[in-house]
Amino acid sequence: MTSMLKRNITALVLISVALLFILLLRTVAVELTDILFFIFMALGAYEMYSIGKKNGYNPITLSIIICLILIYPLFFLFEAAGLLSAIIISVMTSLIVFVLSKDRFALKDLLYTVFVLFYPILLCSSFFLINRSAGNLLGLFLVFFITLLADAFALFAGKLFGKKKLMPEVSPNKTVAGVFGAYFGGILGSTVVFLMFDAFHIFDGWNNVGITAMSDNLYISIPIYLILAVLGSTLAVLGDLAASWLKRKLNVKDFGRIFPGHGGVMDRLDSLLFVAPFIMCFFIMYNGVCSV
């Protein structure tokens, strides 16, 4: 089996499983989707922790464990304020341990610990807010369809037409053609979501859907979906580049080995971790405007 075929089969399985959990499990109980996101958050944090250890960092384990223990219960009780509280408590714990342990931890260890609290934990926690209040199923579908199709078409366009490198010092495989492919895939993904929610209203009457359409007026919905597609695709590319540069700095090819041909959880979350907070912020502001 060629590496490309193996990669494509794994991608198809991952996309199918993700959409199955989001669409079916969420209609049973919103909490089931939260559990999925938390598992990926915890695995991503573990991968970043392990890679840091292999590269000479000594992350403050207690802070990361406390954050993972507190973040969902506090979110469940207080939503965004709970997420922020969990991060603040964990950062303060890091500083306290850093001071009291004297020479056990270097400054680089403290900074790497705080980095893990933000990437991936805080960024991944945006999925909780989208799932509960900032877009609901519509927001989740936008994140996944824009990001996954942007990544897929970036790879496709890069393989077929990629000659000019985008940033070879950061990621030697990224091409300018791949960026255009990402925009095409992102717009296609956003269009699919638009058709499902605003054009055909296929989720009307489903359990736990939340927002069933961006707007009752298609002339308002269409430009919003287009803007989200363009900005989301841009962030997907930047998230991919950021992860590539980070892996270069950490001297690893992949963050992990969970998915055959795809690396670890963080290798699958790289673009999503940039797109999800953007979609979350958009719906928070959009809901605020609509409630005025």
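Every number in this text was worked out from the coordinates using simple rules, so none of it is lab data. In this text the structure is predicted, and so the values were computed from the model without any measurement. Every residue, glycine as well, gets a Cβ built from its backbone with ideal geometry; the counts of neighbours run over all protein chains shown.
Summary table
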item	result
Sorted by Cβ neighbour density within 10 Å, fewest at the top, the residues T61, T234	T61, T234
Efficiency of FRET between K53 and F78 - r from beta-carbon atoms, R0 45 angstrom, step 0.05	0.90
The stretch 198-292: trypsin sites (Lys or Arg not before Pro) falling in loop per DSSP and having at most 15 other Cβ within 10 Å	K253, R257
Cα lying deepest toward the dipole's positive end in the stretch 3-291, options I222, I279, L117, charges on Cβ	L117
Over the chain, relative contact order from alpha-carbon pairs under 8 Å, at least 6 apart, %	22 percent
Local net charge near L273, Cβ-Cβ under 15 Å (Lys/Arg +1, Asp/Glu -1)	-3
The chain: most fluctuating residue of F184, F194, F21 per GNM, C-alpha cutoff 10 Å	F21
Neighbourhood charge, 15 Å Cβ-Cβ cut-off, centred on G181 and excluding it, Lys, Arg +1 and Asp, Glu -1	+3
Residue among F141, A81, V179 farthest towards the positive dipole end of the stretch 74-222, charges placed on Cβ	V179
Rounded FRET efficiency, nearest 0.05, which uses the C-beta distance separating L62 from L231 and R0 of 30 Å	0.20
The stretch 110-213, dipole about Cα centre (Lys/Arg Cβ +1, Asp/Glu Cβ -1), debye to the nearest 20	440 debye
Magnitude of the charge dipole, the stretch 3-291, Cβ model with Lys/Arg +1 and Asp/Glu -1, debye to 20	1240 debye
Residue with peak Gaussian network fluctuation, the chain [Cα springs, cutoff 10 Å], from S101, S90, S190	S101
For the stretch 132-145, Karplus couplings with θ = phi - 60° (6.51, -1.76, 1.60), whole Hz, Gly/Pro x	8, 9, 9, x, 6, 4, 4, x, 5, 5, 4, 4, 6, 5
Per-q log10 I(q)/I(0), the chain, q = 0.07, 0.13 Å⁻¹ (Debye; single scatterer per alpha-carbon; no solvent)	-0.27, -0.94
S16 versus I258: modelled label distance in nm, points set 7 Å from Cα along the beta carbon direction	1.9 nm
Among I64, I258, I146: highest mean-square fluctuation, GNM of the chain, C-alpha pairs under 10 Å	I258
Residues V28 and L95, FRET efficiency given R0 of 51 Å [Cβ-Cβ distance, rounded to 0.05]	0.80
